[in-house]
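Structure in structure tokens, see below.
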Amino acid sequence: MAKRGKSGGRGRAAAGVVESPGPGSKGPVEGVYYVDTGDCELIADQDNSTGWLLKINGVMSSHIDLADPLFLDFEYMRWIAALIESRWPPSDASSTRGGAADNPGKLRGLHLGGGACSLARYFAAAYPDARQVVVELDGKLAEYVRGWFDLPKAPLLRIRVGEAREVTETLTADTRDFIIRDVFAGALTPRPLTTAEFNQHVRRVLAPGGVYVVNSGDAPDLKSAREDAATIAASFEHTLIIADPAMLKGRRYGNMVMAGSDVPFGDDPKLARRLLGGAVPAHIWDDAQVRAFAAGIPVRHDAPAPPED
């Protein structure tokens, strides 16, 4: 599972937007680099001459193929891409007109959690006119990634340095078609990004018909995953889960992709076939199955505000 940082060890970076190559502007070079929240290690992929792996604080975070932005090495990222493309088929991008909700080519995406910007780079290739913002806490890491991986420039892809919740709360309503949460501190996502109150900010920022997607990592007891599912189900009328059977049965540590929307996801046979065809075949749980999975589990809420003096 791709995770970010050390639990309790994330620093605060100065707010800003990284628009130009930073210290890694000559391209990727293997080595360990100090960043604002610890260190990162860039590793050449021994199985792919144009591939690079990124570790952050000793934990595998991202993979990039410099020659093919449409190649995603991490299975959960392929599941997320398949879900977004099921809602907005890229083949329709050049044949429709209108606003972002009608024209897949002009999708507006928000990525909470940056890493190597693997998914943002993928969607930039799949939807050439998309507008995306990646929120990354670590400003130095964002500079390195800009230089190493030749990411699309603003306004197609902006990296905004800041804390994910704080940034989300500042965004204008109805301005994103999809929001992806892929933020980890140690084994779990920081709690402020998992509560019902945060989900309401997400709903406000999403345009009608938009999709909220989360990478929910958990151990075999599935306690955190059930809490994630319960909270998303309490916040959105329609939900789904994508995961491999072993994960769904609580047989291993890994990832579930969960999603919420104000409109039904529908029954897309192409999506089901695509998920089954991967190296790790995945199944889809519909809204009824998600709610059964989360039945009886308390919804997460923000901690109470401290009493005033």
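The values are calculated or read from the model by the stated rules, or taken from the named source; none is laboratory data. Computed from a predicted structure; not experimentally measured. Virtual Cβ from ideal backbone geometry, glycine too; neighbours counted across all protein chains shown.
Could you go through segment 232-244 and let me know if any residue there is more than 30 Å from GLU166 (Cβ to Cβ) and surrounded by fewer than 18 Cβ atoms within 10 Å (Cβ to Cβ).
Taking every residue of segment 232-244 in turn, none turns out to be more than 30 Å from GLU166 (Cβ to Cβ) and surrounded by fewer than 18 Cβ atoms within 10 Å (Cβ to Cβ).
While we're looking at this one, here's another question. In the list LEU188, LEU193, LEU151, which residue meets the criterion of being of a type outside the set (Val, Ile, Thr) and touching a Cys at 6+ places or on another chain (Cβ under 7 Å)?
Step by step, each of LEU188, LEU193, LEU151 is checked, and only LEU151 is of a type outside the set (Val, Ile, Thr) and touching a Cys at 6+ places or on another chain (Cβ under 7 Å).
Yes or no, residue by residue, for (1) surrounded by fewer than 19 Cβ atoms within 10 Å (Cβ to Cβ); (2) more than 14 Å from the chain's Cα centre (by Cα); (3) farther than 23 Å from MET60 by Cβ; (4) not charged (D, E, K, R):
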position	(1), (2), (3), (4)
ASP150	yes, yes, no, no
ALA154	yes, yes, yes, yes
ALA164	no, no, no, yes
ASN199	no, yes, yes, yes
ALA207	yes, yes, yes, yes
TYR212	no, no, yes, yes
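Then there is this: Across segment 286-296, which residue is surrounded by the fewest Cβ atoms within 10 Å (Cβ to Cβ) among those that are closer than 16 Å to GLU227 by Cα and of a type outside the set (A, V, I, L, M)?
Ranking the qualifying residues of segment 286-296, first place goes to GLY296.
Conditions tested, residue by residue: (1) at pLDDT 90 or above; (2) of a type outside the set (S, T, N, Q); (3) in a loop (DSSP other than H, G, I, E, B); (4) under 22 Å from the mean Cα position of the chain (by Cα).
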| position | (1), (2), (3), (4) |
| --- | --- |
| MET1 | no, yes, yes, yes |
| GLY8 | no, yes, yes, yes |
| VAL17 | no, yes, no, yes |
| PRO28 | yes, yes, yes, no |
| TYR33 | yes, yes, no, no |
| GLU41 | yes, yes, no, yes |
| SER49 | yes, no, yes, no |
| LEU54 | yes, yes, no, yes |
| SER62 | yes, no, no, yes |
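Now, a different point. So is ASP65 in contact (Cβ under 8 Å) with a residue 24 or more places away in the chain and acidic (Asp, Glu) or not?
no
Going through segment 158-170 one residue at a time, which ones are aliphatic (A, V, I, L, M) and within 22 Å of CYS40 (Cα to Cα)?
ILE159, VAL161, ALA164 - these are the residues of segment 158-170 that are aliphatic (A, V, I, L, M) and within 22 Å of CYS40 (Cα to Cα).
Pick from ALA173, ALA126: which is touching a residue at least 40 places away in the same chain (Cβ under 8 Å) and either surrounded by fewer than 20 Cβ atoms within 10 Å (Cβ to Cβ) or under 24 Å from SER86 (Cβ atoms) (or both)?
Going through ALA173, ALA126 in turn, the sole match is ALA126.
Take segment 43-58 and flag every residue that is of a type in the set (Val, Ile, Thr) and crowded, with 18+ Cβ neighbours inside 10 Å.
ILE56
Also, I was wondering about something else. Just to confirm my filter: which strands (runs of 3 or more DSSP E) fall fully inside segment 126-201 and include at least 1 residues that are in contact with a Pro (Cβ under 8 Å, 6 or more places away or on another chain) and under 21 Å from MET77 (Cα atoms)?
Working: elements: 131-136, 157-161, 176-181.
Where strands (runs of 3 or more DSSP E) fall fully within segment 126-201 and carry at least 1 residues being in contact with a Pro (Cβ under 8 Å, 6 or more places away or on another chain) and under 21 Å from MET77 (Cα atoms), they are 131-136.
Scan segment 152-210 residue by residue and report those that are under 25 Å from ALA225 (Cβ atoms) and polar (S, T, N, Q).
THR168, THR189, THR194, THR195, ASN199, GLN200
Quick one: which helices (runs of 4 or more DSSP H) sit completely within segment 228-300 and have at least 1 residues that are at pLDDT 95 or above and within 19 Å of the chain's Cα centre (by Cα)? Before you say what the answer is, go through the steps one by one.
Values: elements: 245-248, 269-276, 287-293.
Per the criteria, 269-276.
If you don't mind, there's one more thing I want to ask. Take the residues in segment 82-113 that are touching a helix residue (DSSP H, G or I) at 6+ places or on another chain (Cβ under 6 Å) and part of a helix (DSSP H, G or I); name whichever of them is modelled with the lowest pLDDT.
Going through the qualifying residues, I end up with PRO104.
A follow-up question, please. Exactly one of (1) surrounded by 20 or more Cβ atoms within 10 Å (Cβ to Cβ); (2) farther than 22 Å from GLU169 by Cβ; (3) of a type outside the set (Val, Ile, Thr); (4) modelled with pLDDT of 95 or more is unmet by GLY217. Its number?
Among (1) surrounded by 20 or more Cβ atoms within 10 Å (Cβ to Cβ); (2) farther than 22 Å from GLU169 by Cβ; (3) of a type outside the set (Val, Ile, Thr); (4) modelled with pLDDT of 95 or more, GLY217 violates only (4).
Scan segment 166-190 residue by residue and report those that are in contact with a Leu (Cβ under 6 Å, 6 or more places away or on another chain) and farther than 14 Å from ALA116 by Cα.
Hits for segment 166-190 are ARG176, ASP177, ILE179, ARG181.
Still on this structure: Being farther than 18 Å from GLY113 by Cβ, touching a residue at least 12 places away in the same chain (Cβ under 8 Å), crowded, with 20+ Cβ neighbours inside 10 Å and touching a Ser or Thr at 6+ places or on another chain (Cβ under 6 Å): is that true of ALA229 here?
Details: farther than 18 Å from GLY113 by Cβ: yes; touching a residue at least 12 places away in the same chain (Cβ under 8 Å): yes; crowded, with 20+ Cβ neighbours inside 10 Å: yes; touching a Ser or Thr at 6+ places or on another chain (Cβ under 6 Å): no.
So ALA229 does not fit the description; no.
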